[in-house]
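Working notes, structure below.
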Amino acid sequence: MSPRRPAVLRDGGSTQDLRAHLIGTAARLIAEEGTARLTVRAIARAAGVADGVLYNHFADKEELLAHALRAHVRSVESGLGDLPDPGTGTVAGNLRRHIRHGLALHRAILPALAGLLAQPRVLIGFAGSAEPGGEWQDRLTRYLLAERDLGRLAPDAEVEAAAAMIVGVCHETVLSTLFGTPRPAGSPSPGPSAGPEPAPAETAQRAQVEQQPETAEQAARVDALVRAVLRGIGHAGHPGPAGPA
C-alpha cells in the first residue's frame, strides 16, 4: 500500500510546500536521531510520501540533507535567544553571552556534521547554502566592529581576528568532547543500515555535548577567553575588560 498523501498536500498545499515539508521532516530527524544512518526511506516514511517523491524535488539525498542541515541550524539558533546589542551592558558581559551562544550552537550541530564526514558533498552543499553575513561568526564580528566604532574597544582593535579566535575555541571545546570520549563498552561499531536508527557511537556523542549545564570549570574557561580577547582589543580606561558581567 502506498503511503498516505502528506497532510501538507491534503490541505491544499503546493509543490513548494511539499519541498519545505520534506526539508522540515529531514531536519527533525537530524535533530532527533543524527545523520549517520539517515536514509531516503526513513525520510520518506516520516514525511508520509513514497521514496521516489524526494527525487521530484531534489537531485539526490545529499542535496536534501544539505538543506535539512541548514534548517536544523536555523531551528537551533532560534531557540538560543537574542544576542546583545552594541553599546549595552559591558563588553565583557556581552562577549560572555556571545561565547555561550556559540558553544550551545556548536554542541547542537557538530554531532550532526560529524555523522557526515564520509559525505563531503553534503557538507559542501551545507556550506554553500549559508546566507551571506548570516553566520554567528559574522554577527560576532559586526558586534565587535560596532563596539569599536562606539569607542568601547581600541580604535585599532583587530576584531576579525578576535572573532575568529572565539569561534575557533568554541569549535575546539566541543570537538574535544565529541571525539575525545571513547565509545561505551559493548557498543557495536557504526556501519551501513537500512533503518533510521542512529549509530550507537553518534548517540553517545550527542549525549555528551547536548543540553549540559555549564560547570564551574567551563565558566572559568569562558571568563579566561573573555580576558584574553579583551587584552588584545580592549580600550584603555574602558570598564569592559575589567568590568562586571
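Observations
- Ordering of 57-64, 153-160 by packing [mean C-beta count within 10 Å, highest first]: 57-64, 153-160
- Long-range HN-HN contacts of Gly234 with modeled amide H, under 5 Å: Ala154
- J(HN,Hα) series, the stretch 71-86, from Karplus relation 6.51 cos²θ - 1.76 cosθ + 1.60, nearest Hz, glycine and proline x: 5, 4, 4, 4, 5, 4, 5, 5, x, 8, x, 7, 8, x, 7, x
- Interchain or long-range residues, amide H under 5 Å from Leu116's placed H: none
Taken together, the values in this text are just the output of simple stated rules run on the coordinates, not laboratory data. Just so you know, these numbers come straight off a predicted model, no measurement behind them. A quick note on method: Cβ atoms are made from the backbone with ideal geometry, for glycine too, and the neighbour counts reach across all protein chains shown.
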